[in-house]
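Here the structure is laid out as structure tokens; the discussion comes afterwards.
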Amino acid sequence: MHSLLLLLGLPGALFWRELPPERWSDRDVQEFLQESPWAHPAENASSFAPNGVQTFIGSASIVRAAERELERRTRPRPDPAKPVEPDEYSLYLKESKDKVIVLVVAMADWQKMSDAEEANMMEKETLLKIGRRKYRLEGHFPPTPNDSYLRLVFPRDIRDSDKTMVFELYVPGAPGPYRTVEYNLREMKRDGKLDL
């Protein structure tokens, strides 16, 4: 149902299948990272909690390309005389991309991760469910002043019979911090292969 609404609601909803991220409009890049098969808001069951917390699958190759494109368009150009050092997260993904699933969570206040109690709750309460299997958080990359996203790392154990991934989250600092987001694995294919 979600896919049908997505296709009906967005006139250019399949731009990510037709064009590489370098050829997307600025609006396409934003739209893709907010509402696509790889991006969904994490909702709280409470009617008192505000809108969903934005999430996306940061380990998917199409998402990595979209993030690079967004950064290229929005960040100031570095000094060409200085070499650009890859950050720790980029190096980690390069080495581990086929072994992990990274869920990226938008943080309204990145400094909330410095609260040890909140960080501990996140580590303890956050899970990935695939079918009847449950996976604990393997690690995370906290948000920084230059990157306001929390990046959660889970083991990658996807089987042909799997249909969905459900993330149960504790989002530090979010009103109604317990959130859930579901991703349909069958929608996350590119050129016939799962892109995670």
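Since every read-out is calculated from the coordinates, none of them should be taken as a lab result. Bear in mind that the values here come from a model prediction, so they are computed numbers and not experimental data. Every residue, glycine as well, gets a Cβ built from its backbone with ideal geometry; the counts of neighbours run over all protein chains shown.
Descriptive notes on the structure:
- Taken as Cα centroids, the range 119-153 and the range 22-43 sit 21 Å apart, rounded to the nearest whole angstrom.
- Placing unit charges on the Cβ atoms of the charged side chains and taking the dipole of the chain about its Cα centre, the candidate lying farthest along the positive direction among Ser114, Pro155, Pro142 is Pro155.
- Between Glu168 and Glu138, the simple spin-label model (points 7 angstrom out along Cα→Cβ) gives 2.1 nm.
- Distant-in-sequence amide H partners of Ile101 (H built 1.01 Å from N, under 5 Å): Phe154, Arg156
- Each of Arg133, Arg190 was scored by other Cβ atoms within 10 Å of its Cβ. Arranged with the fewest first, they read Arg133, Arg190.
- FRET efficiency for the pair Lys193 and Asn51, taken as 1/(1 + (r/R0)^6) with r the Cβ-Cβ distance and R0 = 25 Å, rounds to 0.15.
- Projected area, mean over directions - the range 98-196, Cα convex hull, nm²: 6.8 nm²
- Here the dipole of the chain is about 580 debye; that uses its Cα centre as origin and unit charges on the Cβ of Lys and Arg (positive) and Asp and Glu (negative).
- Extension gain for the segment Thr180 to Arg75, taken as residue separation times 0.36 nm less the Cα-Cα distance, is 34.7 nm to one decimal.
- Helical contribution to [θ] at 222 nm, DSSP H n ≥ 4, -39,500 (n - 2.57), averaged over the chain, rounded to 500: -8000 deg cm²/dmol
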